[in-house]
Amino acid sequence: MSEQNVVAKKSFFPTDRSLYTPFNVVCGVILLVGLLLTVMRFTGGLAAVTNLDDNYPWGLWIGFDLMAGVALAAGGYTTSAACYIFGIKRFHSAVRPAILTGFLGYALVVVSLNYDVGRPWRLPYPFVVQRGTTSLLFEVAACVALYLTVLFLEYSPAALEWLGFKKLRNTLVRITMVLTIFGVVLSTLHQSSLGALFLIAPSKLHPLWYSTYIPVYFFISSIIAGLSMVIFEGTLSHKYFHDKMDATYRSEHDGLVLGFAKGASFVMAGYVIIKIIGIAVENQWHLLATPYGLWFLVELIGFVALPCYLYAVGARDKNLKLIQRTSIIAVLGIILNRLNVCIIAFNWYLPWSQKYIPHWGEVGLTIFMLTVGVLVFRFIVTRQPIFYEHPEYQAHHAEDLDVHHKAQH
């Protein structure tokens with residue numbers, strides 16, 4: 001290995017720093033509170049840390065941690081599909097960060113689901129003991145479990161390069177195209193099926209959010225979430241992990257942001273159109289003048305149409321700052337949509353006294369999960385070749401990309 005590569009390799013490993021930084025102290029407090037709430041949840045039951053009842057069996061853990069979490073973790077399949085299936089080579093440097101974000105997102109979704117279910121050992125039951133193959137939940141569970149496995153395999157080459165397992169790493173790289181195609185198929189199935197779960201509740205979900213097209217809405221909005229999340233995550237990474245990035249990643253970043261903004265703008269425009277078509281088909285124009293209708297317009301115009309326009313302007317003018325700020329609006333819009341469907345517009349006819357308001361324990365455990373995700377992400381990117389090419393594999397990476405595109409053709 002040349003002296004230059006040795007210096008480059010060393011520069012990517014974390015230096016000795018004080019553990020008592022403001023960030024670490026805040027995270028430490030959150031982790032302690034989260035562990036306490038975890039004990040309360042599994043010893044005192046749901047009532048100890050939630051406000052769930054018979055009217056609202058799905059609360060913040062499902063609405064945010066699962067529904068929004070799965071959507072925001074869609075950057076993995078959107079980025080890998082763009083690079084390996086559609087052959088857009090300039091997005092290659094963003095694949096590993098997007099895959100890692102998606103893998104951690106899905107892993108935390110599964111962990112969060114254990115808090116809602118309460119009996120972690122029962123999660124495999126639908127596959128082994130009682131096979132509910134006619135249930136949408138079974139399909140969602142199967143696809144999420146399989147896709148989490150796919151994401152782990154797609155992420156593994158980075159970890160194997162770090163650990164020095166060259167043969168296993170090369171074997172996994174050779175099947176990247178197969179994993180990508182499999183991941184896209186699985187994502188299409190479970191992203192749409194999460195919306196299809198609400199098809200059985202036409203009397204509970206407000207008519208403006210309920211639609212026979214809701215599976216399509218969920219799938220298309222997951223693409224928006226994936227593209228926006230890659231921009232958002234990349235912006236934060238450039239600020240806080242800039243010293244872990246090589247010249248290739250830095251040089252490709254601006255083009256990736258512009259490309260994803262352009263793609264997100266087109267998808268958002270299509271999403272707005274099909275939402276309007278959905279209202280027209282159901283003839284629900286009169287509901288737009290109600291309080292819930294105004295809230296629906298806030299979601300559709302303020303968090304979809306507006307960022308659609310801003311993305312387009314940012315891509316046209318090559319305004320990276322505008323695009324990066326717009327990604328925040330788009331990500332918040334996805335979260336708002338999932339919370340509207342699962343909580344806010346659910347049981348819309350109930351009086352305010354019977355509405356569900358999350359318990360502070362639910363909020364605390366959600367923040368706990370987010371903190372764990374951030375800490376694990378930081379641990380990995382400061383040690384493993386996520387934002388840079390491992391010095392011992394730089395020649396392999398170019399060959400790997402050529403192999404993927406030969407497989408594509």
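Within region 190-219, track down each residue that is assigned to a helix (DSSP H, G or I), surrounded by fewer than 19 Cβ atoms within 10 Å (Cβ to Cβ) and out of contact with any Pro (no Cβ under 8 Å at 6 or more places or on another chain).
Answer for region 190-219, where residues must be assigned to a helix (DSSP H, G or I), surrounded by fewer than 19 Cβ atoms within 10 Å (Cβ to Cβ) and out of contact with any Pro (no Cβ under 8 Å at 6 or more places or on another chain): 200, 216.
Does residue 312 satisfy the condition of being open to solvent by 20 Å² or more (accessible area, probe 1.4 Å) and at pLDDT 95 or above?
yes
Does residue 146 count as in contact (Cβ under 8 Å) with a residue 60 or more places away in the chain and part of a helix (DSSP H, G or I)?
Answer is no for this residue.
Does region 111-122 contain any residue that is over 18 Å from the mean Cα position of the chain (by Cα), more than 17 Å from residue 74 (Cβ to Cβ) and not in a helix (DSSP H, G or I)?
Looking through region 111-122, at least one residue is over 18 Å from the mean Cα position of the chain (by Cα), more than 17 Å from residue 74 (Cβ to Cβ) and not in a helix (DSSP H, G or I).
Which of the residues spanning region 52-76 are open to solvent by 50 Å² or more (accessible area, probe 1.4 Å) and within 26 Å of the chain's Cα centre (by Cα)? Don't jump to the end; show me each part of the working.
First, pick out the residues of region 52-76 that are open to solvent by 50 Å² or more (accessible area, probe 1.4 Å): 53-55, 57-58.
If the condition is that a residue be open to solvent by 50 Å² or more (accessible area, probe 1.4 Å) and within 26 Å of the chain's Cα centre (by Cα), then 57, 58 are the ones that fit.
One residue is enough: does region 74-94 have a residue meeting the conditions closer than 30 Å to residue 357 by Cβ and in contact with a helix residue (DSSP H, G or I) (Cβ under 7 Å, 6 or more places away or on another chain)?
Checked region 74-94: at least one residue is closer than 30 Å to residue 357 by Cβ and in contact with a helix residue (DSSP H, G or I) (Cβ under 7 Å, 6 or more places away or on another chain).
Out of the residues in region 337-350 that are aliphatic (A, V, I, L, M) and assigned to a loop (DSSP other than H, G, I, E, B), which is surrounded by the most Cβ atoms within 10 Å (Cβ to Cβ)?
Per the criteria, the residue is 345.
For residue 255, state whether it is small (Gly, Ala, Ser), part of a helix (DSSP H, G or I) and more than 22 Å from residue 228 (Cα to Cα).
On the way: small (Gly, Ala, Ser): yes; part of a helix (DSSP H, G or I): yes; more than 22 Å from residue 228 (Cα to Cα): no.
It is false that residue 255 is small (Gly, Ala, Ser), part of a helix (DSSP H, G or I) and more than 22 Å from residue 228 (Cα to Cα).
Just wondering, is there one or more residues in region 274-287 that are open to solvent by less than 60 Å² (accessible area, probe 1.4 Å), within 30 Å of residue 237 (Cβ to Cβ) and touching a residue at least 40 places away in the same chain (Cβ under 8 Å)?
Scanning region 274-287, I find no residue that is open to solvent by less than 60 Å² (accessible area, probe 1.4 Å), within 30 Å of residue 237 (Cβ to Cβ) and touching a residue at least 40 places away in the same chain (Cβ under 8 Å), so the answer is no.
From the residues in region 123-152 that are within 18 Å of the chain's Cα centre (by Cα) and among the hydroxyl-bearing types (Ser, Thr, Tyr), which one is surrounded by the most Cβ atoms within 10 Å (Cβ to Cβ)?
147
Within the bounds of region 351-374, is there any residue that is of a type in the set (S, T, N, Q), at pLDDT below 95 and assigned to a loop (DSSP other than H, G, I, E, B)?
no
Between a residue in region 238-250 that is open to solvent by less than 70 Å² (accessible area, probe 1.4 Å) and any residue that is assigned to a helix (DSSP H, G or I), which pairs come within a Cβ distance under 7 Å, given they are 6 or more apart or on different chains?
238/253; 241/381; 244/381; 248/93; 249/93
(1) under 30 Å from residue 40 (Cα atoms); (2) touching a helix residue (DSSP H, G or I) at 6+ places or on another chain (Cβ under 8 Å): which one isn't true of residue 357, the others all being true?
(2)
The values are calculated or read from the model by the stated rules, or taken from the named source; none is laboratory data. Bear in mind that the values here come from a model prediction, so they are computed numbers and not experimental data. In this analysis, Cβ positions are derived from the backbone assuming ideal geometry, glycine residues included, and neighbour counts consider all displayed protein chains. All accessible areas refer to the heavy atoms of the entire protein, side chains included, with ligands and DNA or RNA removed. Shrake-Rupley method; radii C 1.70, N 1.55, O 1.52, S 1.80 Å.
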